[in-house]
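Shown next, in structure tokens, is the structure this report addresses.
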Amino acid sequence: MVNLLESNGKARATLILDHDNVSGSLRQQLETSGWCVHVAQGIKEFKRFFQQNRFEVVVVYFNDNTTTETSELESLASLNIITKWIAIIPSERWLDSHPSVLFSHLFYDYHRQPLRYDHLLATIGHAYGMAKLQHQKLKRLKVQHKDHDIIGVSSVTEKLRNRINIVAQQNTPVLINGDSGAGKQFTARLVHKHSARSRGKLSSINCGAIPEHLVGSELFGHEAGSLHAGCEKKLGHVMQCTDGTLLLNDVEELPLHSQSSLARFIEQKEFYAVGASETSSSNCRIIATTSSDLRQLVQAKQFRSDLYLALSTTTIEVPTLNERHQDIRSLAEYYLSQFCENSEVKRFSQCTIDAMQHYHWPGNVRELMNRIRRAIILSEGEIISESHLELPNNNNLQNLTLKDARDKVEKEIVIRTIAQTGYNHSQAAKELGISRTSLYRLISKHQLAI
């Protein structure tokens, strides 16, 4: 793809769609301000320019003919999600008789004629700055994808990333808490990867999948003939992971008698293999994950307090996908690219992206990943629509108190409006009919990471 910004030596470039040849004044003012301006007088020319070059900002002059081309414009917009689109409309009243959904989904902002060029130039300049900022974030995401790092640039994700890096440099046991599907195992693997033990073995055990009478053998090994006649000596995972890491998934599923042995190992780095009369030692690091509140299980005497204290020396809290709302689009597009690697190229419609950002994702990242994998199979063409995701209705307010129902609707409207305005808080506040201060108060109230 040609970059007109570089080839023309200009600082900024924009593309204008102008059916009626009325953009001369705007073009002159932009060029005077140092912009490289390209004007297309029809949709075919516009498409050719857009597909062959990179523009941070495009401007579309609307009339009745342009309105019939909205589907083509939306299709072009999906080719480059960074580009900011600005609409020029004949009048405010014009919106009453034309579909406004395109403006909420596609356009960064709109201006009505007669134009106030100082306001329009300020909007174009701000849009350019936002696009450049998103280009930087996209480059960062590509590095994350390459390094198999956590996908996302939200403040919540950045906090998790920093926590992982700190914990990785330590040598203590780790307890990772988080909802099902949030990414606890992936987090544990990153801790191992970034630690001094990264060259050592990483082994994973699903604690709920091991028969109770074999847990001790799996963890600590057994001597020959100790389980049944003829059985050979076996090294347990603790010994196999010397100088490495042992990941215990769903640690609350361990039987109580095995919890005692594990607590002793963490404390003393020594253990008895099943049937052994002498202790063995290992410096294996233990990382445990859980979706349960272990403190409540300790109080209910369903989990040993000594093991809880040993594991909780260092903890990591993995946020839900709702708490990482700003990362949903990045995650979705990453998984789409991964699952389509050896297949045809597919992309999400804007309505699909909106639906994903409005959905509450009870199954977290795992649910997002599985729905995208299934949507690729269900979609026959290039576009993945909202129906392919098969998302359940997220607007069921039954069994909620009036306050909870009001808060739920309020939160969803704020999330949807901010997403539809491209995370432009000023525009979102305008759309909601409130001040920016009120919007920030709502963001804080609902703990939104956007």
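Readers should treat all values here as calculations from the given coordinates under stated rules, not as data from a laboratory. The structure presented is a predicted model; accordingly, all values stated were derived computationally and were not measured. Methodologically, a virtual Cβ is constructed for each residue, glycine included, from the backbone with ideal geometry; neighbour enumeration extends over all protein chains shown.
List the GluC sites (Glu not before Pro) within segment 275-332 that DSSP assigns to loop and that have no more than 12 neighbouring Cβ atoms inside 10 Å.
Numbers: sites: GLU278, GLU317, GLU323; in loops: GLU278, GLU323.
Those satisfying the criteria are GLU278.
When the Cα centres of segment 154-207 and segment 287-360 are compared, how far apart do they sit, in Å?
13 Å
Can you give the net charge of the other residues whose Cβ lies under 15 Å from the Cβ of ILE287, counting K and R as +1 and D and E as -1?
Within the 15 Å Cβ shell, the charges total +3.
Mind computing the radius of gyration and Dmax over the alpha-carbon atoms of segment 173-318? Å is fine for both.
14.9, 45
Please give the per residue volume of the convex hull enclosing the alpha carbon atoms of segment 169-209, rounded to a whole number of Å³.
Each residue corresponds to 85 Å³ of Cα convex hull volume.
What GluC sites (Glu not before Pro) in segment 353-386 are in a loop by DSSP, with at most 14 other Cβ atoms within 10 Å of the Cβ?
Numbers: sites: GLU367, GLU380, GLU382, GLU386; in loops: GLU380, GLU382.
Passing both the DSSP loop test and the Cβ count: GLU380, GLU382.
Pull up the cross-link candidates among the aspartates and glutamates for LYS411, meaning alpha carbon to alpha carbon under 20 Å and not fewer than 8 places away within one chain.
Reachable aspartates and glutamates: GLU323, ASP327, ASP354, GLU431.
Simple spin-label model, 7 Å along Cα-to-Cβ: LYS159 to GLU367 in nm?
Here the modelled spin labels are 2.2 nm apart.
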